[in-house]
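Below is one structure; the comments refer to it alone.
The values are calculated or read from the model by the stated rules, or taken from the named source; none is laboratory data. Remember, it's a predicted structure, so these values are computed and weren't measured experimentally. Because the Cβ atoms are built from the backbone with ideal geometry, glycine has one as well, and the counts that use them run over all protein chains shown. Note: areas computed on protein heavy atoms with side chains; ligands, DNA, RNA excluded. Shrake-Rupley method; radii C 1.70, N 1.55, O 1.52, S 1.80 Å.
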Amino acid sequence: MAARRISSLVSRSLPLLSPTGKHSYASRGIYRYSTAAALDDPIKPNVSIQYDKLLINGKFVDAASGKTFRTLDPRTGDVIAHVAEGDLEDINRAVAAARKAFDEGPWPKMTAYERQKIMLKFADLVEKHNDEIAALETWDNGKPYEQSAQIEVPMFVRIFRYYAGWADKIHGLTLPADGPHHVQTLHEPIGVAGQIIPWNFPLMLFAWKVAPALACGNTVVLKTAEQTPLSALLVSKLLHEAGLPDGVLNVVSGFGPTAGAALCSHMDVDKVAFTGSTETGKIVLKLAAKSNLKQVTLELGGKSPFIVCEDADVDKAVELAHFALFFNQGQCCCAGSRTFVHEKVYDEFVEKAKTRAMKRAVGDPFKAGMEQGPQIDSEQFKKILKYISSGKESGATLETGGDRFGTKGYYIQPTVFSNVKDDMLIAKDEIFGPVQSVLKFKDIDEVIKRANNTPYGLAAGVFTKNIDTANTLMRALRAGTVWINCYDIFDAAIPIGGYKMSGIGREKGEYGLKNYLQVKAVVTPLKNPAWL
């Protein structure tokens, strides 16, 4: 269902606002990105900020220091709200609440069916508040409202219902032994889980981490990204309305070097799950090891290849490659950011990719039909423009884009480079923005070697009509996910995670439960057993 929502949103024609303010219907991307009228008068979101404090032990409280930080509207750079800034003392309070809730509270002692009912009730509440949550996510993050409302909030609901379904199906095994012993395994909750989520998909990563942890009977301390703290606070309030006991989920807004480091280092946290950059992931792993050697799950960066074979339908390949890179303003760790195209169709592909990028609808994400909103903040905005300059200086051909869009906010023109070489920074580094690099290859053996020549291994895409080519590539590519003739399919049951420096472990699906369970072997002697 989630995949169908994504594909339908990408492919269908949508109503757009013309520069005169009237609706017009046409094929995707009626605006050329050079039109800045969409940015002149930002739409006021129909949502208010109700929760801007820390959530500790079931209550919204100020930071112990009394400090706050600003969360900004990426459309303008204006302040949306001042949010409580948690640090070491607040992490200590949150962990203490989570530890007490795990050791003494009802959550891990509830039947799995009772936990399931609370999670399902929560999913129903989120569904009821879909538009409010989506508006808050778009306001704080800048992604198109239609993406938030039609894809991400429904997928959030689906993830919680999926893991609610797993809650009463978690069990161990009875094992045969080589003697008179009864042997069984127990799958037990790991305890207090520290979780750190990124700014590019705040709601989705909340669900990927919190849902399996709760289904397994754990308690949680969640640190949100400082750029996007608002949606997590709102949905956490709804989770308590659904009946979650106090202390089971605690949410601390704050910064990585203070709140994040304190959570990773805490001696009473049993497990840490982090999604973010590879550089920060190394710090998380080091802090976890130096403290109590807590278990760690990491979902990190990527530089994913998208391979267009010589037999490809070029029009369809261009569309899918465009989506693979530009979705979510290019701010996606599994973005298909190295577009490898066979030399026989390369020139045609480049020309059509350029045309498609120039038609991309860029503007206020609250306007109907917008495909691309602003980047998350000024830091990311400047970083992307720096990489674009690097591409120009290194000799890649700038086909289109290459500059900011408009004069206000953090918008960047959809950018396409051709004649990109493997040693260029735009082909090596994770840009995390709307910059497509198109590289040429001659044969399958060559592209396998080049696609794998990266420290990352999060995802890959293959576009071909030949099943033998698809089978060769799917086994040869060193990546945690390989999408064949599709991309960014994030069904609740499909695991995600990386090879190499793209992470440790898997999230989502049945595999995601293993992050939050301990396996205990129990052995009992048998006296005069009737059978073994």
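Rounded to two decimals, what ratio of Rg to Rh does region 113-256 give with C-alpha atoms and a Kirkwood Rh? Display every interim value, and only then the final one.
Values: Rg = 17.4 Å, Rh = 16.1 Å.
So for region 113-256, dividing Rg by the Kirkwood Rh gives 1.08.
Put +1 on the Cβ of every Lys and Arg and -1 on every Asp and Glu Cβ in region 204-306; which of Asn292, Thr228, Ala259 then has its Cα farthest towards the positive end of the dipole?
With unit charges placed on the Cβ atoms, the residue in question is Asn292.
With +1 assigned to the C-beta of every Lys and Arg and -1 to the C-beta of every Asp and Glu, and no other charges, what is the dipole magnitude of the chain about the Cα centre in debye, to the nearest 20?
On the way: 63 positive and 59 negative charges, 82 e Å.
It works out to roughly 400 debye.
Mind checking which lysines have their Cα closer than 23 Å to the Cα of Lys117? Skip sequence neighbours fewer than 8 apart in that chain.
Within the straight-line cut-off, Lys117 pairs with Lys59, Lys100, Lys109, Lys128, Lys169, Lys209, Lys237, Lys508, Lys514.
Please give the FRET efficiency for Tyr113 paired with Asp468, using the beta carbon to beta carbon distance and R0 = 35 Å, rounded to the nearest 0.05. Write down the numbers at each step before the final one.
On the way: r = 48 Å, r/R0 = 1.37.
After rounding, the FRET efficiency stands at 0.15.
So what is the 222 nm mean residue ellipticity for the chain from helices alone, if each DSSP H run of at least 4 adds -39500 (n - 2.57) and you divide by all residues, rounding to the nearest 500 deg cm²/dmol? Write out the running numbers ahead of the final one.
Numbers: 15 runs with 178 residues, N = 532.
Mean residue ellipticity at 222 nm (helix-derived): -10500 deg cm²/dmol.
With a point put 7 Å past each Cα toward its Cβ, work out how far Ala368 is from Asn46 in nm, to one decimal.
Computed distance between label sites Ala368 and Asn46 equals 1.2 nm.
Counting pairwise Cα distances across region 284-367, what percent come out greater than 19 angstrom? Spell out each step's value before the answer.
Details: 1834 of 3486 pairs.
Counting pairs separated by more than 19 Å, the tail of P(r) holds 53 percent.
How much length would be gained if the chain were fully extended between Asn485 and Leu532, taking 0.36 nm per residue of separation minus their Cα-Cα distance, in nm to one decimal?
On the way: separation 47, 0.36 × 47 = 16.92 nm, distance 5.08 nm.
Residue separation times 0.36 nm, minus the Cα-Cα distance, leaves 11.8 nm.
Using a 1.4 angstrom probe with every protein chain in place, what is the largest-first accessible-area order of Lys109, Lys386, Lys527?
Ranked from most to least accessible, the order is Lys527, Lys386, Lys109.
With a bin width of 10 angstrom, please list the P(r) values of region 188-322 as percents of all Cα-Cα pairs, from the 0 bin to the one holding the largest distance.
11, 39, 27, 12, 9, 2
Hey, what's the chain come to in accessible area per residue, 1.4 Å probe, Å²? Intermediate results must be reported in sequence, preceding the final value.
Values: 21320 Å² over 532 residues.
For the chain, the per-residue accessible area is 40 Å².
How large, in percent, is the carbon and sulfur part of the accessible surface of the chain at a probe radius of 1.4 Å?
On the way: 11240 of 21320 Å².
Its accessible area is 53 percent carbon and sulfur atoms.
Over region 329-369, what lengths in whole Å, largest first, do the semi-axes of the equivalent ellipsoid take, defined as the square roots of 5 times the eigenvalues of the alpha-carbon gyration tensor?
Numbers: eigenvalues 131, 48, 5 Å².
So the three semi-axes of region 329-369 are 26, 16, 5 Å.
Using alpha carbons only, how many angstrom separate the centre of region 266-341 from the centre of region 447-473?
So the separation of the two Cα centres works out to 16 Å.
How many angstrom lie between the C-alpha centres of region 398-445 and region 52-123?
After rounding, the separation between the Cα centres reads 38 Å.
So, in nm, how far is label Asp103 from label Leu398 when the simple model puts each one 7 Å beyond its Cα toward the Cβ?
Taking the two extended label points, one gets 6.0 nm.
How long is the gain from Ser378 to Ser390 if the chain were fully straight, where each residue apart is worth 0.36 nm and the alpha carbon distance is subtracted? Show your work: numbers first, answer last.
Numbers: separation 12, 0.36 × 12 = 4.32 nm, distance 1.83 nm.
Separation in residues times 0.36 nm, less the Cα-Cα distance, equals 2.5 nm.
In square nanometres, what is one fourth of the surface area of the convex hull spanned by the alpha carbons of region 389-439?
If I average the Cα hull's projected area over directions, I get 3.4 nm².
May I ask what percent, to the nearest 5, of DSSP beta bridges between residues of the chain are antiparallel? Kindly include the intermediate steps, with their values, before the conclusion.
Working: 30 of 70 bridges.
Here the share of antiparallel DSSP bridges comes out near 45 percent.
Let me check the size of the chain from its C-alpha atoms; what are the radius of gyration and Dmax in Å?
23.9, 89
In nm, to one decimal, how far is the Glu446 label point from the Thr76 one, both placed 7 Å along Cα→Cβ?
Label at Glu446, label at Thr76, 5.2 nm between them.
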